[in-house]
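So the structure is just underneath, and the comments pick up after that.
The values are calculated or read from the model by the stated rules, or taken from the named source; none is laboratory data. Since this is a predicted model, take the numbers as computed values, not measurements. Cβ: placed from backbone, ideal geometry, glycine included. Neighbour counts: every protein chain shown.
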Amino acid sequence: MIKRMVLASVAAGLLTATAIAQTTSPSPPSSAPSASTSAEKATPAPTNLAGQGKWRTSKLIGVDIYGPDDKKVGDVTEVIVDKMGKIEMVTVGVGGFLGIGAKDVAIPFEQVSWSDQPITPPAPAPAPAASGSGGTAGGSATMPATPPVAAAPRAPAMYPDHGKITLTKDQLHSAPAVTYSGS
């Protein structure tokens, strides 16, 4: 019985101490002028970096990479940076099916042309005009084409839509695979 009372009082004391530690009382204003530095008066760094020409490296992983013939050759699997934080290479996963049997090939970052605009597929050939008199009662059987609807403006992405390289898929297949030491 005494053990329970001692344990209950210790537990209550610990809970009270943590509750007191979480609340802070306001400090009284100091009457002495504070020596402020220029760093304290500097404007804080912006918190919303969207649209400022910056990319999130975590979002680069998975970006599609296209060859010179505008056919997909793989996607980014890793972003390799030097010790100063500069991106040196990206690895592109080529081959395989659903990630099984694929290999990673390193490509220098400068050799990738990044684009924010999606690759547009070639326009289909126009359909031949309908001929004959089996149409409608008052005139032409063809309807005028509707103009394309303008896409709604997108919020700035923090990563590119795709990358383009000068290597073909066959050249990437014959390139050496990336190996990581110590992993």
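Data for the structure
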| read-out | value |
| --- | --- |
| Scan of segment 85-119 for residues that are free of Cβ contacts under 8 Å to residues at least 40 places away in the same chain and surrounded by 10 or more Cβ atoms within 10 Å (Cβ to Cβ), ordered by number | Ile87, Glu88, Met89, Gly93, Gly96, Ala102, Pro108, Phe109 |
| Odd one out for Glu110 among (1) part of a strand (DSSP E or B); (2) at pLDDT 90 or above | (1) |
| Inter-residue pairs, beta-carbon under 8 Å, first over 12 Å from Tyr66 (Cα atoms) and in segment 160-177, second among the β-branched types (Val, Ile, Thr) and part of a loop (DSSP other than H, G, I, E, B), 6+ apart | Pro160/Val63 |
| Verdict on Ser58 being of a type in the set (Ser, Thr, Tyr) and at pLDDT 65 or above | yes |
| Of all residues in segment 51-84 being without any contact (Cβ under 8 Å) to a residue 60 or more places away in the chain, in a strand (DSSP E or B) and of a type in the set (A, V, I, L, M, F, W, C), the one that is surrounded by the fewest Cβ atoms within 10 Å (Cβ to Cβ) | Val81 |
